[in-house]
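Colleague: Have a look at the structure that comes next, please.
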Amino acid sequence: MQQEEKAALLAQCQAQYAAFQAEQLKLDMSRGKPSPKQLDLTNGIIDVLSEEDYLAENGLDCRNYGCLDGLPEAKRFFAPMLGVDPEELIVCGNSSLNMMYWAMSLAMTNGVLGEKPWWKYDRVKVLCPVPGYDRHFAISEFLGMELVSVPMHENSPDMDLVEQLVREDDTIKAIWCVPMYSNPSGVVYSDEVVKRFAALQPKAKDFRIFWDNAYCVHHLTDHPPVQANLLEEAKKVGNENICYMFASTSKITHPGSGVAMLAASEENIHSLKKALSFSTIGYDKINQLRHLRFFGGKFENLTEHMKKHKDLIVPKFQIVLDTLEEGLGDLGIATWSKPQGGYFVSFNQKGYAKRIVQLCKEAGVVLTESGASFPYGIDPEDQNIRISPTYPTEEELQKAMHVFVCCAKLAALDA
């Protein structure tokens, strides 16, 4: 733009911004939470059990102790979510994040399959694809690990770099992955990439891939991608112990009372179950039974249920994409993802992320802090913002996106 054009646009944006501030908005888009309407889809799970319905198929009284690794029918029901055999699965409590923390802290304190505990090493590193999930990075940082950034490409982390780093450095003990609809960029790992992960030859014998398949059934399209299975591919090359896989129903039923899963090779599962026996006598089997009854014990019913979620949130993603395109599409100052699933849109405007987030906050729209998608909260390019469309109503979201676009323009014009 010519200077006169820029000045006119700046004046227009400043007036629009002042009008937004005068509205005293209170809109929160800081986390990827299901909306109340999404939660309503599963309200029937609360009272799906009758007073007499507390017995598992093997006669176990689910009100009592026992069944450390989950009800047998629950393992059969959830195994297709991660594409594993029931024997390769532990059905846990309500949080997969809790299981990721537990598995990584266990490696720290007790080691992996007989190897030296990680805390006994002078340095322990974890690879962190960026932008990525802030809570993954926070777990590793809390446990004292060194976070090593790996850039994300169109269909994966930089696999050449991943392969080189794990091959050469035995202080690298793990990598975090969200393989389908990565948080926040929406990347879906290609089959070739999954096979390269499966075939990794790390210098550290106790290296593990933390494969968080949180969004594996959260599709925004009628024809979702089908992804190769990491554990299955690892078995083909005799490398089945390399990964831990996680999923949950947290955004499928109710986040506070969902069911989490941990899948791994039978050798890994045997070791993890032994350790688990020292911290619990068993997870909430009544809740597992609720899920089984609500979905009729058929995984295909769960996938059909997810279409109801899709119908509720696709219009919200469209609002985000349409508003960004309408307001910023012809300015050349920003780029954004167009995900096929998951819970986020990843927005990039180099050099201005902090300023945009601050401007939005001062206008009553709360976003995830800039830098959250990077280790230690530091985005070296100050460019990435995670947009979370699911929780607000469509009206609130539309208003929030108008504010966002205005702030993006202001940040670039008023530099």
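The values are calculated or read from the model by the stated rules, or taken from the named source; none is laboratory data. Keep in mind that this is a model prediction, so the values were computed, not measured. When we count neighbours, we look across all protein chains shown, and the Cβ atoms used for this are built from the backbone with ideal geometry, even at glycine. Keep in mind that these areas ignore ligands, DNA and RNA; they rest on the heavy atoms of the full protein, side chains included. Shrake-Rupley method; radii C 1.70, N 1.55, O 1.52, S 1.80 Å.
Colleague: What does the accessible area of GLU87 come to, in Å² to the nearest 10, when a probe of 1.4 Å is used?
Modeller: Near enough 110 Å² of accessible area.
Colleague: If a/c stays under 1.5 just call it rounded; otherwise compare a/b with b/c (prolate if a/b is bigger, oblate if not). Do that for the stretch 92-156, with a ≥ b ≥ c from the square roots of the Cα gyration tensor eigenvalues.
Modeller: Oblate, since a/c reaches 1.5 and b/c is not below a/b.
Colleague: First measure r as the distance between the Cβ atoms of LEU312 and ASP85, then evaluate 1/(1 + (r/R0)^6) with R0 = 35 Å and state the FRET efficiency to the nearest 0.05.
Modeller: That gives a FRET efficiency of 0.60.
Colleague: Grab the alpha carbons of the stretch 221-319, take their convex hull, and tell me the volume per residue in Å³.
Modeller: Dividing the Cα hull volume of the stretch 221-319 by its residues yields 148 Å³.
Colleague: Mind checking the angle between helix 299-328 and the chain's longest principal axis? C-alpha axes, 0 to 90 degrees, to the nearest 10.
Modeller: So the inclination is approximately 20 degrees.
Colleague: Another question, if that's okay. Summarise the accessible area of the chain (1.4 Å probe, protein heavy atoms) by the percent that is carbon and sulfur.
Modeller: Answer for the chain: carbon and sulfur cover 48 percent of the accessible area.
Colleague: In Å and from the alpha-carbon atoms only, list the Rg and Dmax of the stretch 265-415.
Modeller: In order Rg, Dmax, the Cα atoms of the stretch 265-415 give 21.0, 60 Å.
Colleague: If Lys and Arg each add +1 and Asp and Glu each add -1, what is the summed charge of the other residues whose beta carbon sits under 14 Å from the beta carbon of LEU9?
Modeller: Cβ neighbours under 14 Å give a net charge of -2.
Colleague: Right, here's the next one. With just the Cα atoms defining each centre, how far is the stretch 108-156 from the stretch 316-332? Give it in Å.
Modeller: 35
Colleague: Any chance you could give the angle, 0 to 90 degrees and rounded to 10, that helix 159-168 forms with the longest Cα principal axis of the chain?
Modeller: 50
Colleague: Hey, another quick one. What do you get for the angle between helix 285-294 and the principal long axis of the chain? Use alpha-carbon atoms, 0 to 90 degrees, nearest ten.
Modeller: The two axes meet at around 70 degrees.
Colleague: Same structure, new question: Need one value: the accessible area of TYR54 in square angstrom, 1.4 angstrom probe, rounded to the nearest 10.
Modeller: My reading of the accessible area for TYR54 is about 60 Å².
Colleague: Let me ask something additional. Once the Cα atoms of the stretch 192-247 are picked out, what are the Rg and Dmax in Å?
Modeller: 12.7, 42
Colleague: So, one more: Restricting to the chain, compute how many DSSP beta bridges are antiparallel as a %, nearest 5.
Modeller: For the chain, the DSSP antiparallel bridge percentage is about 45.
Colleague: How long are the three semi-axes of the equivalent ellipsoid of the stretch 1-141, in whole Å, if each is the root of 5 times an eigenvalue of the C-alpha gyration tensor, listed from largest down?
Modeller: 47, 29, 13
Colleague: Could you please state, rounded to a whole Å, how far the C-alpha centre of the stretch 1-77 is from the C-alpha centre of the stretch 158-219?
Modeller: Going from one Cα centre to the other spans 26 Å.
Colleague: In nm², what is the average projected area of the convex hull enclosing the Cα atoms of the stretch 12-86?
Modeller: Projected over every direction and averaged, the Cα hull of the stretch 12-86 covers 10.1 nm².
Colleague: If I stretch the segment between HIS402 and SER50 completely, what's the gain in nm (0.36 nm per residue apart, minus their alpha carbon distance), one decimal?
Modeller: Working it through step by step, the gained length comes to 121.9 nm.
Colleague: What share of Cα pairs, in percent, lie more than 25 angstrom apart in the stretch 120-264?
Modeller: Roughly 25 percent, rounded to a whole number.
Colleague: Could you give the Stokes-Einstein D for the stretch 336-404 in µm² per second, using the C-alpha Kirkwood radius, 25 °C, 0.890 mPa s?
Modeller: D, rounded to a whole number, is 196 µm²/s.
Colleague: With a sphere of radius 12 Å drawn around the Cβ of LEU220, what net charge do the other residues whose Cβ falls strictly inside it have (Lys, Arg +1; Asp, Glu -1)?
Modeller: In short, +2.
Colleague: Whole number in Å², please: accessible area per residue of the chain, 1.4 Å probe, ligands, DNA and RNA not counted.
Modeller: Per-residue value: 44 Å².
Colleague: Assuming R0 = 25 Å, can you tell me the calculated FRET efficiency for the pair GLU395 and THR303, based on Cβ-Cβ distance, to the nearest 0.05?
Modeller: E between GLU395 and THR303, to the nearest 0.05, is 0.25.
Colleague: Here's another thing I want to ask about it. Stokes-Einstein D for the chain at 10 °C, 1.306 mPa s, Kirkwood Rh over Cα pairs, in µm²/s? All intermediate terms of the calculation are to be shown ahead of the outcome.
Modeller: Working: Rh = 22.7 Å.
The Stokes-Einstein estimate is 70 µm²/s.
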